[in-house]
Amino acid sequence: MHALRVPVPDDAPHHHPSSTVLLDDTSLLTSWVEGRATTRLGVLDLHSGGWSVVPGLRGPLRAGVPAPGGGALVLTDHGLSHVDLATQAVTQTLRTGIGKNNDYLHVEGDGDDGLVVVGSSVGATETVVDGTSLTVVRRRRRPPLKISFPPAEASRAGIVRVLALSAGVVVGATQQRPAAPQRLLVVSLGDGSELASADLPDGLSSAHIVRDGVVAGPADLGRARTLTVLPGLVETVAGSAGLGDLVAAAGASAEAILTRRSRRTPTRTVLRDHRLEVGAEVADLRGERITLDGCAVARAAEPGERPRVARVHVTDLELRSSTLSGAVLEDITVDGLRAPHGSGFLFGCELRRVTLRGRIRGLVLSPALSDLDPETEARYGRWYADRLEDPEWMLDLTEATGDITVRGYPSRFVRRNPGLHAVVTAEAAVSGEWRTVDPGRSALRVALLELARSDWEDVLLVADPHGAHAEDDLRYLHDLRALGVASTD
């Protein structure tokens, strides 16, 4: 068994489904995700062993067929695309009129008329598409699905899902679900003997018979970063090279691509599935382009046992499916923060001299822990009340801009930017004069509604100059100041 390297970066996100498609015995297609949500289509030339990477595709690869006139037609979750393999570019995409959740693509009839069929195995209809112009020809009822059972020889060997059948061998998996740990089996159709097998703990999505063996793709290429190769299983045409040569050439090509990319953009450091335990401390660190993926903070029973992050300076920090809620953050500087999909909700943190700079996206700060356990939430609430007796400043936002929400932390502990920030006291909220000011499309009015029914001293309103409603945010702050409801102090 060999590992065939794919040009997937080390920091590629996990948990994105992967498939491989054998395209007319000349190319092998696969896909992965880079950065936050950028899909890449990898094309392996089965003659030279060289990789090429095609940008501009939306969604993971589901299926593919040769396109009329050259190139490939590629089906993803977001549509049917034509890919020019020579120029490594997506030239056209059809997204409308073909339905949703499509998972199969095949050539119509003998292929002479250039038609292809797109459909979903759970849908009632399918779409016939002109593969040359990528236009919808007609919709029709989907015929009944053909249920194929493994040959008797394969079933006896343990195969429950057939992935490839050719050259007198059947290639299959021992589990129906691609993401489940399973074995890849290659069985002879002649005598039912097992020719080869491989244990794949990270799952098995698809497999193809290539040259003299099998190339199998994992269920999550972002995690595996390699294809599994089993060479020397079938006879090849005299003089043709085996898979061993392909593995070496593909590995060298993938490394060359990754090396060129690393020179252009520094690789992100991705810390996955870390948990900051009770009594633990992360301290005295500097770094840039760091992503926390699936990270969390443990809950403490005593204030001195709270997990702590101290004296850390990070440039370009991303929180992905992570939370620092409940931690003590002390002498921290973050220059650029991105927190999509709710990862920026930091609740119950003790802040001491935390400085934010640059563009901040998706940050919500609240001293209330919002824990499912009432006793834990009350305990952290008492610690926060003790922190309010200390006059040391908590947060510096003077050089930060973006989507920042601060709830419950008194403004006297926050260093502010008068141009973008305004303070409304509890007394001003009770008077109700702010209700006469039209917020337009600004969401800052929500903070005043929360202030009116809370026990906060005041609330800090932060206008987002980069947001879609930046003008409404700034105008709302101006009108509140003009009315005497808000101040910059």
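The values are calculated or read from the model by the stated rules, or taken from the named source; none is laboratory data. Here the structure is a predicted model, which is why all the values come from computation and not from measurement. Ideal geometry is used to build each Cβ from the backbone, glycine not excepted, and the neighbour counts take in all protein chains shown.
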Filtering region 89-112 down to residues that are modelled with pLDDT under 90, over 20 Å from Thr125 (Cα atoms) and surrounded by 14 or more Cβ atoms within 10 Å (Cβ to Cβ) yields Gly111
Picked from region 229-285 (must be in contact with a helix residue (DSSP H, G or I) (Cβ under 6 Å, 6 or more places away or on another chain) and not assigned by TED's automatic domain parsing to the domain that holds Ala327), the residue modelled with the highest pLDDT is Val229
Restricting attention to region 326-350, the residues that are without any contact (Cβ under 8 Å) to a residue 60 or more places away in the chain and either surrounded by fewer than 18 Cβ atoms within 10 Å (Cβ to Cβ) or in contact with a helix residue (DSSP H, G or I) (Cβ under 8 Å, 6 or more places away or on another chain) (or both) number exactly 8
By residue number, the members of region 455-483 that are over 37 Å from the mean Cα position of the chain (by Cα) and among the aliphatic types (A, V, I, L, M) are Leu480, Ala482, Leu483
Considering residues that are of a type outside the set (Lys, Arg), over 16 Å from Leu204 (Cα atoms) and assigned to a loop (DSSP other than H, G, I, E, B), the number found within region 16-45 is 5
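Would you be able to tell me the number of residues in region 285-306 that are of a type outside the set (A, V, I, L, M, F, W, C) and more than 16 Å from Arg387 (Cα to Cα)?
The initial filter retains those residues of region 285-306 that are of a type outside the set (A, V, I, L, M, F, W, C), namely 286-289, 291, 293-294, 299, 302-306.
So of that shortlist, the ones also more than 16 Å from Arg387 (Cα to Cα) come out as 286-289, 291, 293-294, 299.
Summing the residues that are of a type outside the set (A, V, I, L, M, F, W, C) and more than 16 Å from Arg387 (Cα to Cα) in region 285-306 gives 8.
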Residues of region 184-211 being in contact (Cβ under 8 Å) with a residue 60 or more places away in the chain and part of a loop (DSSP other than H, G, I, E, B), in sequence order, are Ser205, Arg211
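Kindly evaluate Ser370 against the criterion of being in contact with a helix residue (DSSP H, G or I) (Cβ under 8 Å, 6 or more places away or on another chain), surrounded by fewer than 18 Cβ atoms within 10 Å (Cβ to Cβ) and polar (S, T, N, Q).
On the way: in contact with a helix residue (DSSP H, G or I) (Cβ under 8 Å, 6 or more places away or on another chain): yes; surrounded by fewer than 18 Cβ atoms within 10 Å (Cβ to Cβ): yes; polar (S, T, N, Q): yes.
For Ser370, the condition - in contact with a helix residue (DSSP H, G or I) (Cβ under 8 Å, 6 or more places away or on another chain), surrounded by fewer than 18 Cβ atoms within 10 Å (Cβ to Cβ) and polar (S, T, N, Q) - is met.
Counting only residues that are under 23 Å from Val33 (Cβ atoms) and touching a Lys or Arg at 6+ places or on another chain (Cβ under 9 Å), give me the strands (runs of 3 or more DSSP E) lying completely in region 54-127 with at least 1 of them. Spell out how you get there, then give the answer.
Details: elements: 61-66, 72-76, 79-84, 89-94, 104-107, 115-119.
It comes to 72-76, 79-84, 89-94, 104-107.
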Of those in region 435-473 that are over 22 Å from Arg412 (Cα atoms) and among the hydrophobic types (A, V, I, L, M, F, W, C), the residue modelled with the lowest pLDDT is Ala468
Counting only residues that are closer than 12 Å to Asp479 by Cβ and surrounded by 15 or more Cβ atoms within 10 Å (Cβ to Cβ), region 425-439 contains a total of 3
Within region 8-22, residues over 20 Å from Ala63 (Cα atoms) and not hydrophobic (A, V, I, L, M, F, W, C) come out as Pro9, Asp10, Asp11, Pro13, His14
